[in-house]
Amino acid sequence: MGDSVHASAVQVGSLAVLIRGPSGSGKSQLAFNLVLAGRSGVIAPTFLISDDRVRLGRSGDGIEVAAVESIAGRIEIRGLGIRRCAHVGAGKLGLVVDLAAPDGARMPSAAALKVRILGVTVPRIPVMTDFPALSLVIAALTTEEA
């Protein structure tokens, strides 16, 4: 498994969602909101993989997202601090969410909706600054392209 990167990740059903963005952009909040959406049945059952740091590595024809052991099962909740949360150790990357993305747009280009990581092309959501990322991610997970 490769070096750790600054990001958070959750396992939604059978795929991992990697959440990237600058400090303070809402990575932890989005991760926790997705866990809550999974618990409420809005999306498939969702578990934390890792908050703040994740490990990425090639696994066959895909990318594995894994928890950093020293922080596994811990997530920052603003107003409460570091909390324990149900988690899994790793998952297969299926979606990348880039918060405060400079190429976020109302109608993003086809090129903006993909990203290449470790030689693998993965679906991507570029989220504009101060836009509600949760609704975009849930839409991507529960709808199909027209």
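The values are calculated or read from the model by the stated rules, or taken from the named source; none is laboratory data. Given the structure is predicted, the values throughout are model-derived calculations rather than measurements. Because the Cβ atoms are built from the backbone with ideal geometry, glycine has one as well, and the counts that use them run over all protein chains shown.
Things to note:
- Subset tally (residues that are in contact (Cβ under 8 Å) with a residue 40 or more places away in the chain, touching a Ser or Thr at 6+ places or on another chain (Cβ under 9 Å) and farther than 17 Å from GLY24 by Cβ) for region 69-87: 1
- Within the span defined as region 55-72, every residue fails to be outside any loop (DSSP other than H, G, I, E, B), touching a helix residue (DSSP H, G or I) at 6+ places or on another chain (Cβ under 6 Å) and of a type in the set (Gly, Ala, Ser).
- Residue within region 125-134 that is surrounded by 14 or more Cβ atoms within 10 Å (Cβ to Cβ), of a type in the set (Gly, Ala, Ser), in contact with a helix residue (DSSP H, G or I) (Cβ under 6 Å, 6 or more places away or on another chain) and within 26 Å of GLU64 (Cβ to Cβ) present: yes
- Pairs with Cβ under 6 Å, 6+ apart, first in region 13-25 and surrounded by fewer than 18 Cβ atoms within 10 Å (Cβ to Cβ), second assigned to a loop (DSSP other than H, G, I, E, B): GLY13/ALA44; PRO22/ALA100
- The residues in region 1-29 that are of a type in the set (D, E, K, R) and not in a strand (DSSP E or B) can be counted, and the count is 2.
- Among the residues of region 77-105, those that are in a strand (DSSP E or B) and within 15 Å of the chain's Cα centre (by Cα) comprise HIS87, ALA90, GLY91, LYS92, LEU93, GLY94, LEU95, VAL96, VAL97, ASP98.
Here is a yes/no grid of residues against (1) of a type in the set (Gly, Ala, Ser); (2) surrounded by 20 or more Cβ atoms within 10 Å (Cβ to Cβ); (3) at pLDDT 95 or above:
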{"site": "SER4", "(1), (2), (3)": "yes, no, no"}
{"site": "VAL54", "(1), (2), (3)": "no, yes, yes"}
{"site": "ARG58", "(1), (2), (3)": "no, no, yes"}
{"site": "ILE63", "(1), (2), (3)": "no, yes, yes"}
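- In this structure, GLY38 qualifies as free of Cβ contacts under 8 Å to residues at least 40 places away in the same chain and either within 11 Å of the chain's Cα centre (by Cα) or surrounded by 14 or more Cβ atoms within 10 Å (Cβ to Cβ) (or both).
- Here GLY38 passes the criteria (1) farther than 13 Å from LEU99 by Cα; (2) assigned to a strand (DSSP E or B) except the one numbered (2).
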